[in-house]
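Since the structure comes first, as structure tokens, the remarks are kept for the end.
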Amino acid sequence: MPPEDDGVALETRDLTKHYGDRTAVDSLNLQIRRGEIFGLLGPNGAGKTTTILMLLGLTEPSSGEARVDGLDPRRDPLSVKRRVGYLPDDVGFYDEMTARANLEYTARLNRLREPDATERIEFLLEQVGLSSVIDRRVWTFSRGMRQRLGLADALIKRPSILILDEPSVNIDPEGVRELLKFVADLRTDEGLTVLLSSHLLHQVETVCDRIGIFVSGRLVGLGTVAELAGALDDDWVFELGVDPGLSATHLAGVVGAVSGVRTVEGDGPGRWMISAGRDVHLELLSAVAAAGGTIDHFVRRGADLDAIYHRYFTGRTDDSEHRVGA
């Protein structure tokens, strides 16, 4: 039995994996909270898949340890597999069987009762956009269709944890959007914890609560997008667009009075550039609204996920823009 629930679904402590002289995962310390969608972001070859395999008990760590729902995957891999749904980047099925038959087989392996399995299969295939091909043989499926079928297969047993390794491989952009929305809905409706491994920046930004940036086997950044962006430097630059009917002198005074604001400069009618020593976007928006200003647009410059990516992966930042929510 797992220990008393401490709110942590997945945890690693100094988790390390060597392949000969190469270190694939280097002293990884990570906690993923129950009910969280966590993105493990890194380039191909960073060690993301090796980490997942150790969490599943499919490969032995060289040192350190992992816990899945409080269980040690090395000592209790079957219990871990009962709790975890796993979608690898290359899914295998019985090609001569239909989509329905493949999922029925998985349901039997997981000891689901037939009426429950039938209802669950039909629901999942509808959600992943395959209900119209439920009785087609899988050999006729494209790579993207197989990936969506793999997601349904991973969810048959109603796992408490879902691990997705590059889930959008060969899926069109609209299909990716629908898949990510489905994952987010599962967290809401079924309380799933989700670990999403990807090298695609905006896919991770769209759906994840927190992001861990993984480079050469090491976790080099951890937090929300805002937290990671805030760590880029201590200079926050915002572009503010306001109804030009508001007095420029009055607006400059209101914005300049916000604690942390360094400079306020006009950049054309109703357009302002504001620099600050911290993230003051909420205070700025509140101050402008309280002064009667109508906000047309509000963006932070140089702090989107692309900038984060370049900071951690290449050691530089680009002058890009990130929209800040009101």
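Give the number of residues within the stretch 128-147 that are in contact (Cβ under 8 Å) with a residue 40 or more places away in the chain and either in a helix (DSSP H, G or I) or closer than 19 Å to P167 by Cα (or both).
Looking only at that region, the number is 7.
Of the residues that sit in the stretch 31-46 and are crowded, with 18+ Cβ neighbours inside 10 Å and not small (G, A, S), which one is modelled with the lowest pLDDT?
L41
Listed residues E114, E96, E126, E104; which is out of contact with any helix residue (DSSP H, G or I) (no Cβ under 6 Å at 6 or more places or on another chain), of a type outside the set (A, V, I, L, M) and within 29 Å of G35 (Cβ to Cβ)?
E126
Within the stretch 74-102, how many residues are among the aromatic types (F, W, Y) and within 19 Å of T51 (Cβ to Cβ)?
The total comes to 1.
Please list, ordered by first then second residue, the pairs with beta carbon atoms under 8 Å, 6 or more apart or interchain, first in the stretch 187-210 and in contact (Cβ under 8 Å) with a residue 24 or more places away in the chain and in the same structural domain as S160 (by TED's automatic domain parsing), second of a type in the set (D, E, K, R) and buried (at least 23 other Cβ atoms within 10 Å of the Cβ).
From residues that are in contact (Cβ under 8 Å) with a residue 24 or more places away in the chain and in the same structural domain as S160 (by TED's automatic domain parsing), the pairs are S197/K48.
Cβ contacts < 6 Å: first residue at pLDDT 90 or above and part of a loop (DSSP other than H, G, I, E, B), restricted to the stretch 157-171; second residue aliphatic (A, V, I, L, M) and buried (at least 19 other Cβ atoms within 10 Å of the Cβ), any location; separation 6+ or different chain. Result?
Matching pairs, first to second residue: P159/V84.
Test T49 against the stated conditions and say whether it is closer than 25 Å to R13 by Cβ and either surrounded by 17 or more Cβ atoms within 10 Å (Cβ to Cβ) or without any contact (Cβ under 8 Å) to a residue 12 or more places away in the chain (or both).
Spelling it out, T49 is indeed closer than 25 Å to R13 by Cβ and either surrounded by 17 or more Cβ atoms within 10 Å (Cβ to Cβ) or without any contact (Cβ under 8 Å) to a residue 12 or more places away in the chain (or both).
Quick one: G268 ticks every box in (1) in contact with a helix residue (DSSP H, G or I) (Cβ under 7 Å, 6 or more places away or on another chain); (2) under 17 Å from V299 (Cβ atoms) bar one, so which box is it?
Answer for G268: the failing condition is (1).
What number goes with the only condition from (1) at pLDDT below 85; (2) within 30 Å of V84 (Cα to Cα); (3) of a type outside the set (S, T, Y) that I213 does not pass?
(1) is the only condition that I213 fails.
Quick test for you: out of E174, E178, E239, pick the one residue that is surrounded by fewer than 18 Cβ atoms within 10 Å (Cβ to Cβ) and part of a strand (DSSP E or B).
Exactly one of E174, E178, E239 is surrounded by fewer than 18 Cβ atoms within 10 Å (Cβ to Cβ) and part of a strand (DSSP E or B), namely E239.
I'd like to verify a number: residues in the stretch 189-199 that are within 15 Å of the chain's Cα centre (by Cα) and either among the β-branched types (V, I, T) or assigned to a loop (DSSP other than H, G, I, E, B) (or both), how many?
Final tally of qualifying residues: 4.
Please go through the stretch 58-72 and give me each residue that is buried (at least 20 other Cβ atoms within 10 Å of the Cβ), farther than 13 Å from K17 by Cβ and of a type outside the set (D, E), ordered by number.
Across the stretch 58-72, the qualifying residues are R67, V68, L71.
Testing D6 on (1) more than 19 Å from D165 (Cα to Cα); (2) at pLDDT below 95; (3) in a strand (DSSP E or B), one condition comes back false. Which one is that?
Result: D6 fails condition (3) only.
State which residue is surrounded by the fewest Cβ atoms within 10 Å (Cβ to Cβ) when the search covers only the stretch 1-30 and only residues that are among the small types (G, A, S) and free of Cβ contacts under 8 Å to residues at least 60 places away in the same chain.
G20
Among the residues of the stretch 251-260, is there at least one that is farther than 24 Å from E227 by Cα and modelled with pLDDT under 85?
yes
The values are calculated or read from the model by the stated rules, or taken from the named source; none is laboratory data. What you see is a predicted model, and the numbers here were worked out from it, not measured in a lab. Glycine also receives a Cβ, built like all others from the backbone with ideal geometry; neighbour counts cover every protein chain displayed.
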